[in-house]
Amino acid sequence: MKINANQIRPGMVIEYEGRQMAVIKIQLIQPGKGGAFIAVEMRDLTNGVKTNQRWRTADTVEKLNTEEHDYQYLFAEADSFTFMDPQSYEQITIAGTLLGDDAAYLEDGMTVRVNSVEGVPIGIQLPATVILEVMEAEPVVKGQTASSSYKPAQMSNGLRVMVPPFVETGTRIVVNTADGTYLKRTD
């Protein structure tokens, strides 16, 4: 299905130079002189190589139809991740290169949406938020609470998240999976 370049969104799969490419990031650039264009960062689904491409907003690209199904995350082995269909108990394995940074958020038993093109898994969609435990956080410096400064904290999954000064080691927090930012504390 042909779409205009300005309709490209992250997560879409498009055909580019005969290859299937997953869109990672897009940016609309409006220079002071001349027409606007779209800068797209994509990953080749066969070999995981990233490519950057620019299109004018009126250019067309071929969007591939993707299928989405809910799967449960089971385990990781080397650089591959195994998921199970909760209805049929069928298991699939997805290479870590296709998951990218999303792999850090996976927890045993987590339900994710697996995207596939022509029956071949190409990536996952995580839940919008996850609950993580703070394993290590710097202590609060006296007088620092007057300003809205954040401090780095090490999470249970190994990620580093910037958190408010009142968050301490052992606190469970809600983290946005789209950009890895702190949202709130949990009870």
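Here the simple spin-label model places points 7 Å from the Cα toward Cβ, and for Asp108 and Glu17 these points are separated by 4.4 nm.
Let's test the formula: R0 of 45 Å, r as the Cβ-Cβ distance of Asp44 and Phe166. What FRET efficiency results, to the nearest 0.05? Once the sixth-power term is evaluated, E becomes 0.55. Putting +1 on Lys and Arg Cβ atoms and -1 on Asp and Glu Cβ atoms, find which of Ala128, Gln53, Gly11 reaches farthest to the positive end of the dipole of the chain. The Cα lying farthest towards the positive end belongs to Gln53. Length gain on complete extension for the stretch Asn176 to Glu62, per 0.36 nm per residue less the alpha carbon to alpha carbon distance? Net length gain for the segment: 38.0 nm.
Karplus-based coupling profile of the range 100-105, in residue order and whole Hz: x, 6, 5, 4, 5, 8, with θ = phi - 60° in 6.51 cos²θ - 1.76 cosθ + 1.60 and x standing for Gly or Pro. In a fully extended conformation the segment linking Ile26 and Ala95 would gain 22.5 nm over its present Cα-Cα distance, using 0.36 nm per residue. Add -39500 (n - 2.57) for each DSSP H run of 4 or more in the chain, then divide by its residues: what number comes out at 222 nm, to the nearest 500 deg cm²/dmol? Taking each H run of at least 4 residues, the total per residue is -500 deg cm²/dmol. Counting other Cβ atoms within 10 Å, which GluC sites (Glu not before Pro) in the range 1-81 have at most 14 and lie in a DSSP loop? Here the sparse-neighbourhood loop sites are Glu17. For the chain, the C-alpha radius of gyration sits at 1.23 times the compact-globule guess of 2.2 N^0.38 Å, with N the residue count.
When the chymotrypsin sites (Phe, Trp or Tyr not before Pro) in the range 27-91 are filtered for DSSP coil states and for at most 14 other beta-carbon atoms within 10 Å of their beta-carbon, the remaining sites are Tyr89.
Among the listed pairs Lys50/Lys184; Lys2/Lys50; Lys2/Lys25, which are separated by more than 28 Å between their Cα atoms? In this structure, Lys50/Lys184 lie more than 28 Å apart at Cα.
Values quoted throughout were computed directly from the atomic coordinates according to the rules given, and no laboratory measurement underlies them. Predicted model, so just to flag it, every value in this text is computed and none were measured. All Cβ positions, glycine included, derive from the backbone under ideal geometry; neighbour counts span all protein chains shown.
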